[in-house]
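The values are calculated or read from the model by the stated rules, or taken from the named source; none is laboratory data. Computed from a predicted model, the values in this text were never measured in an experiment. Every residue, glycine as well, gets a Cβ built from its backbone with ideal geometry; the counts of neighbours run over all protein chains shown. Each accessible area value is taken on the protein alone, full model and side chains, heavy atoms only, with ligands, DNA and RNA left out. Shrake-Rupley method; radii C 1.70, N 1.55, O 1.52, S 1.80 Å.
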Amino acid sequence: EPLPTEMQLYALAPVAVLRETTAVRLDFGVESAAWFEFDAMTTSDDDAALPNVTCSLSENTRREPNKTATALPVYHKDNITTYRLRTSPEWYEGIRYVWIEDSHNEGGNSIKRQPDDWLAARLVCQVRPTNYRGSFEASDAELTRLWLTGAYTVKVALLRDGIASELMDRGDRQACNFGGYGQPILRTLYAAFGEYALADTFNNATTTWKHDDDIQSYWMYWIEAIFDWYDRTGYVDTLRGYIPPMVQRLDSALALYALATTNDAPLRMFGDDERLGFEFEWPNSLPEPQLAYRMVVLRTLRRFAAGMAAINETALGERYRAQASRLVDELRDDDSSWTSRLGVHSGADAATGGFMTPEELRHLVDRGVYEDPRTLPSWSAFNSWYTLLGLDALNLTDAALELTRRTWGWNVKVGATCFWERFDPLWLPWMAPGDPPMGGINDIRTSECHPWSAGITAWLTESVLGITPTSPRFRTWDAVPRHFVGSREENNNNALSWVNGSVPTPLGDAAGAWFDVTAGRHGVDVPAGTVARVGVPKMDSGLQSVAVDGEVVWTNGSSSTGACAEEDPRFLFCRIDAPGRHAIHAVSSSPAALLVRHEEEEEEVFGGELPSIVSARRRGRRRDRATTTFVGLDTVTSGNWVGRYGSLGYVLFGYENKTNLTKLPAFVAGVVPLAWAATPARVVLWDAATHDDRALAPPTGGARVAARITSAKQASFTVDVLANASSSFRVSLYCVDFGRAGVAQNIRVAQLTTGGDNLEVVADIVPLRARSFDAGVYLTYHVACGDAHGAARGGCGSLRFRFFEMYDPAVPGGYPPKPVLSGLFFDS
């Protein structure tokens with residue numbers, strides 16, 4: 001069969017070999033788009049007698065159930081046979097680990113089982129020929145690694161069926177290729193590789209704008225991605241060709257915007273975050289994704305209008321600028337305190353829209369939406385990338401770096417060599433390198449090399465290094481490093497001392513910059529035909545002088561040449577138009593204080609009061625809300641709960657003819673178990689009458705019922721506790737693997753605010769490993785209702801418990817059993 005001749009092929013050898021019970025496991029060190037083959041010594045020259053060999057492929061240390069197949073002999077000579085495993089018509093899978101089953105013996109012919117008898121084992125990898133032309137390095141080595149990992153995640157997905165292929169085939173391998181979530185992918189493609197022509201080919205060849213996708217936010221991201229590309233290439237004729245489909249999609253979005261004002265827009269999906277509707281589960285009814293969609297539409301309308309004005313399509317641009325202005329005016333007229341409804345995601349999308357006033361920006365930050373590091377990450381790095389952009393717009397540099405570490409940095413800590421489709425930072429304490437993800441959405445499968453998560457590379461280049469085009473084709477560009485102004489408080493590791501890197505431009509040469517705030521040594525590489533604006537960090541406002549190429553051009557607020565006449569509280573801006581390398585030396589009066597962020601700078605940014613995350617910590621401010629903490633596990637009581645749990649109330653699931661036996665405390669309006677969206681959780685009986693102590697006892701004596709609620713085909717189910725407590729209480733969950741099926745699960749807890757419109761994580765996850773709760777276990781949580789001084793308040797304690805199925809090494813092969821819950825108990 002013909003091999004993919006248009007691709008670059010290369011081979012990887014395993015970096016580690018491990019003997020397991022029935023197989024040998026090979027670790028190739030990094031995930032690649034590849035097929036597997038190996039050479040083995042055999043005892044026959046008769047091709048017909050050569051045995052077939054069973055192999056398994058995976059992205060992680062658990063064998064992928066659907067990727068176990070037969071490796072066939074493809075070449076034989078001198079008692080050496082080459083075996084090849086091909087599992088897809090595209091000639092690739094996402095592979096890091098391979099298992100070769102133990103020796104086969106068919107008609108006296110065998111393959112020896114010891115690795116020493118193999119002459120070679122290899123992944124034959126493929127990728128589009130693409131060179132790393134951009135660069136990034138920082139004093140924080142973790143950030144450097146994240147840039148490289150994101151770039152690799154995009155590079156390894158550059159395959160013949162698109163620029164954004166998901167490596168492990170789940171039936172949606174080419175899902176990125178209609179451009180819906182291509183914006184962060186393309187931005188990284190530009191920053192790391194300068195592949196502007198490939199992006200143009202992608203936008204045309206994949207018929208992006210003809211694809212009838214019903215994920216509505218994707219169309220807005222696609223329009224923004226078109227302007228990202230134009231801002232870097234300046235190809236006016238190509239941009240004009242996209243005007244008709246962009247207008248079509250904007251007009252459709254305006255109609256949906258009206259529906260979203262009443263939370264009725266059919267978004268289908270907005271993101272993986274629980275607050276955004278948990279992918280396809282709830283986005284059409286929750287206020288946060290509906291409001292976030294409206295903010296994205298406003299942002300896209302304004303960007304389209306500006307883009308049309310730039311290419312002299314003045315009337316068309318004005319038409320949509322006016323639409324955006326009208327909608328913003330209506331937003332303020334309908335609710336003068338509309339910013340009070342913004343959550344983490346909708347707030348970020350609003351902040352990047354360019355329509356918020358300084359007072360509105362200040363109010364959003366001062367509400368503390370971005371104070372708690374646990375609430376910053378989304379389950380999807382794709383959504384977190386847009387949050388990063390919003391944090392930049394809000395000048396929350398500390399929060400942005402914290403989000404970077406929790407979302408992308410912690411993913412690397414669990415052994416990722418590509419960024420995952422989704423990753424929960426709460427998994428980190430429970431995972432070892434090579435472990436599979438601890439939860440999924442529609443099913444357990446999560447791609448561990450998904451380019452939509454690679455936007456961190458673009459963000460590090462554009463925000464931390466600060467290189468961005470300010471006119472098409474980089475004719476003018478900025479080098480303004482935003483993240484040297486991070487606070488330097490005790491135990492804060494977010495401050496940087498130096499960063500350098502480059503971005504390839506369509507003009508041929510790369511735009512480069514370097515900044516070292518400790519030494520005061522900065523510089524830029526300016527391609528011919530471009531003009532750079534360099535932001536020299538003031539840091540402590542003690543900047544005394546700046547010299548460019550040895551000539552002092554600015555002293556104590558005065559520019560001697562006019563080249564450095566522009567400044568703001570954070571930067572002195574110097575304009576450099578001569579091509580080549582230029583050195584900048586900044587002298588400060590107090591270099592020891594360079595990494596301190598002063599309150600007067602923050603006041604200038606927001607126009608008065610001090611609203612930042614830093615100042616909030618300094619003032620010791622805490623928001624009034626429930627605090628939920630995990631108390632512990634009880635593995636002793638088993639089903640004998642009477643007198644130990646449920647003093648205030650209980651729910652025994654499926655206890656009465658597969659209906660729930662319920663006695664709720666007065667402060668609980670309901671307990672709602674759901675399998676998916678509005679679908680009730682599935683009730684399953686193990687035994688309708690048993691004396692097994694693991695089954696929950698009836699409240700008044702008699703035979704026990706062994707029952708549970710669970711999901712149907714989805715990987716999770718939820719239980720909402722709708723409470724209105726005025727004082728603290730405890731809630732306990734009883735889980736038992738009554739059938740000893742090897743159930744493994746983890747439980748995530750989120751706070752439900754009034755109306756269930758904002759779901760913030762309020763407790764660390766608790767995993768239950770397989771076999772650990774065969775005898776039953778209670779998980780108890782304490783819900784503290786009160787303000788910072790302990791005063792009681794009403795409307796507290798509504799929680800969502802989400803139960804995820806989970807892979808476990810103790811349960812070999814196949815997909816894991818569905819998660820279970822048998823009872824829920826309330827106590828003081």
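Summary of values
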read-out: Label-to-label distance, nm, for residues given as residue 560 and residue 631 (7 Å Cα→Cβ offset); value: 7.2 nm
read-out: Gain upon complete extension [residue 335, residue 521; 0.36 nm per residue less C-alpha separation]; value: 62.1 nm
read-out: For the range 237-301: relative contact order, % (alpha-carbon pairs under 8 angstrom, 6 or more apart); value: 27 percent
read-out: Segment residue 726-residue 663, length gained on full extension (0.36 nm per residue, minus Cα span); value: 20.8 nm
read-out: Projected label distance in nm at residue 430 and residue 691, using a 7 Å step from Cα toward the beta-carbon; value: 3.6 nm
read-out: Sequence-distant residues sharing a close amide H with residue 379 (under 5 Å, placed H); value: 273, 274
read-out: Table column - 3J(HN,Hα) (Hz), the range 669-679, Karplus curve with 6.51, -1.76, 1.60, x for Gly and Pro; value: 7, x, 10, 10, x, 10, 7, 6, 6, 8, 7
read-out: Amide H contacts of residue 588 (H built 1.01 Å from N, under 5 Å, at least 5 apart or other chain); value: 544
read-out: Contact order relative to length of the range 327-443, as percent, for alpha carbon pairs under 8 angstrom and 6 or more apart; value: 22 percent
read-out: Residues of the range 413-487: accessible area per residue with a 1.4 Å probe, Å²; value: 21 Å²
read-out: Cα gyration tensor, the range 339-442 - rounded (a/c under 1.5), prolate or oblate; value: prolate
read-out: Per-pair calculated FRET efficiency, R0 = 45 Å: residue 9 and residue 325 via Cβ, rounded to 0.05; value: 0.25
read-out: Under 5 Å, built H, 5+ apart or other chain: amide partners of residue 631; value: 780, 781, 782
read-out: Local electrostatic count, residue 250, Cβ distance below 13 Å [Lys/Arg +1, Asp/Glu -1]; value: +4
read-out: Translational diffusion of the range 376-519, µm² s⁻¹ [Kirkwood Rh, Cα pairs; Stokes-Einstein; 20 °C; 1.002 mPa s]; value: 129 µm²/s
read-out: Relative contact order (%) - the range 680-748, alpha-carbon pairs under 8 angstrom, separation at least six; value: 29 percent
read-out: Estimated FRET transfer efficiency (residue 531, residue 255; beta-carbon r; R0 41 Å; 0.05); value: 0.45
read-out: The range 500-511 - phi-based ³J(HN,Hα) in whole Hz, Karplus 6.51/-1.76/1.60, Gly and Pro as x; value: 8, x, 8, 10, x, 10, x, 7, x, 8, 8, 8
